[in-house]
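Report on the following structure.
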Amino acid sequence: MDGGLHRLGGDHHPRGEGARRKTNHYVTGRDGGRDIDLRLFAGQGMQLYGRLLDNDEARRVLVTADDLAANLGNADDTARRIRESIDEWIAAQGIDAPREPPYQPMWFPPPGQGAIPLDNLAAIIWAVGFHTDFSWIDLPAFDDKGYPRHRRGVSAEEGLHFLGLPWLWTWGSGRFEGVGEDAEYLAEHIAARLTAPAPQEARYAVR
């Protein structure tokens, strides 16, 4: 339940273009559904670190930044805003539902840079995500940040379309739950464009 916020098109979202710049929250449907709480995992023994900064070969450690507390705090703030928006929608609909107590973090990382001993590692799985690369498209179809200029996947350049991008149109655009709607919209748009009559050639009077 999100009160319809995540189905809003980009033109109507309260954050506008800013919605595309936000990371998404993570939940799981396992055991009836629950949040994925990294602080809880840390309290159970998982070791969390900040961003990787360097490989210190002399000390045989990976050096990490002192930004774990800030990153966890930002994630908590996002979760809080989502919960508040859901509670507001429930109240506006007059639904009688239990209200969850505010989240209370139970674990806080110690300050300072971290060091991960390499001798304790049997393998490293590098899973930092990826970013888009449109450099192979040689068209003026992108903004000053390199993001496609489009509306719901219809590019500013005639005949060029995009699909599957995060927040192409809604929160679900980059997921299986929403990409189908975007694909249907684009298919209808392309079909209409292909079946539209060609513009008539301009006729000039000969004098």
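Here are the numbers for the structure shown:
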{"read-out": "Hey, G45 modelled with pLDDT of 90 or more, assigned to a helix (DSSP H, G or I) and not polar (S, T, N, Q) or not", "value": "no"}
{"read-out": "Test: residue in region 143-156 that is over 20 Å from T78 (Cβ atoms), of a type in the set (S, T, Y) and open to solvent by 80 Å² or more (accessible area, probe 1.4 Å)", "value": "no"}
{"read-out": "Residue within region 65-72 that is surrounded by 13 or more Cβ atoms within 10 Å (Cβ to Cβ), touching a Ser or Thr at 6+ places or on another chain (Cβ under 9 Å) and modelled with pLDDT under 95 present", "value": "no"}
{"read-out": "Meets criteria (assigned to a loop (DSSP other than H, G, I, E, B) and surrounded by 12 or more Cβ atoms within 10 Å (Cβ to Cβ)) for I137", "value": "yes"}
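The values are calculated or read from the model by the stated rules, or taken from the named source; none is laboratory data. Computed from a predicted model, the values in this text were never measured in an experiment. Counting neighbours? That spans all protein chains shown, and the Cβs are built from the backbone with ideal geometry, glycine included. Side chains included, ligands, DNA and RNA excluded: accessible areas come from the protein's heavy atoms. Shrake-Rupley method; radii C 1.70, N 1.55, O 1.52, S 1.80 Å.
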